[in-house]
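Written out below as structure tokens is the structure these notes cover.
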Amino acid sequence: MRLLVAPLLLAWVAGATAAVPVVPWRVPCPPQCACQIRPWYTPRSSYREATTVDCNDLFLTAVPPALPAGTQTLLLQSNSIVRVDQSELGYLANLTELDLSQNSFSDARDCDFHALPQLLSLHLEENQLTRLEDHSFAGLASLQELYLNHNQLYRIAPRAFSGLSNLLRLHLNSNLLRAIDSRWFEMLPNLEILMIGGNKVDAILDMNFRPLANLRSLVLAGMNLREISDYALEGLQSLESLSFYDNQLARVPRRALEQVPGLKFLDLNKNPLQRVGPGDFANMLHLKELGQDPLSVHLLTWLCP
Ligand SMILES: *[C@@H]1O[C@H](CO)[C@@H](O)[C@H](O)[C@H]1NC(C)=O
């Protein structure tokens, strides 16, 4: 077995950055694009094979016409597309993943997807989106994964995410948000992962995340946070992993942490923590890891003598 595994592993490593194992998908394919059947993992990590149209990096200014009707994954990363109409995608009844990252969208209203009922994963990261209006993603009832990171979002309307009741992961990191609005999350009862670091938010309000009873991982890294109010984490009853990496916290937000007793991973690295008092991590019976820097190692020793 070992003899067999080693070459396979080598082949996998060699191929990891280039082509994954694929087979041709014999359909009329848009010029310059590749039509293939590729391995695909759902946002819940189950393995599938997906009929894939790969039109990445082609200087396209619009979605190519007459895509194969059975397309499940459509890759349009790194082009110059500024708008998409429902008529350009609506006929792809089985579309499960759409990658429009690294394009030129500046207005979310130019992304008109009012009915892609099978879509699980939508990539809009690295565009120039500045605001999201209410109901921006209406019609994407199955969506599980939404990538909006690395845009210039400074305003998100309270009901922007309405209809996304199946969303599991939301990536809003590296935008220009000044505040986090708990009304966004009322639309997202099943969210498990929220990445919202790298925004210029300097305070988290009480109950800010309260609707997110199923959230397991929250990343609040790189946000200028100076203080965490006592009830900021209230309602996060499933939270297992929390990152405050690279903020301005001068003390461990002890009372806030008491609201998340199931926490297993906490990252307080790159904060000007002045002192850690006895009881700062009291009641955190499940805490397994506190980060990697000397302070954290010290804390761990101190917690688990
Ligand atoms: C969509 O998927 C269903 C179920 O797998 C399949 O029967 C149908 O033929 C597909 N539609 C197209 C246009 O390929």
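Measuring from a point 7 Å past the Cα of Val82 along Cα-to-C-beta, which residues in region 92-109 have an amide N at less than 20 Å?
Answer for region 92-109: 100-109.
So, counting K/R as plus one and D/E as minus one, what does the shell of residues with Cβ under 13 Å around His123 add up to?
-4
For region 158-217, what is the relative contact order in percent, using Cα pairs closer than 8 Å and at least 6 residues apart in sequence?
It rounds to 40 percent for region 158-217.
Please report, in Å, the Rg and the Dmax of region 141-272, where both are computed over Cα atoms only.
13.6, 43
Could you compute how fast region 118-204 diffuses translationally, taking Rh as the Kirkwood radius over C-alpha pairs and applying Stokes-Einstein at 37 °C with viscosity 0.692 mPa s? Give it in µm² per second.
Taking Rh from Cα pairs, D becomes 258 µm²/s.
Read the figures in this text as sums done on the coordinates, not as results from a lab. All values reported here derive from a predicted model rather than from experimental measurement. Reconstructed Cβ throughout: ideal geometry from the backbone, glycine too, with neighbour counts over all protein chains shown.
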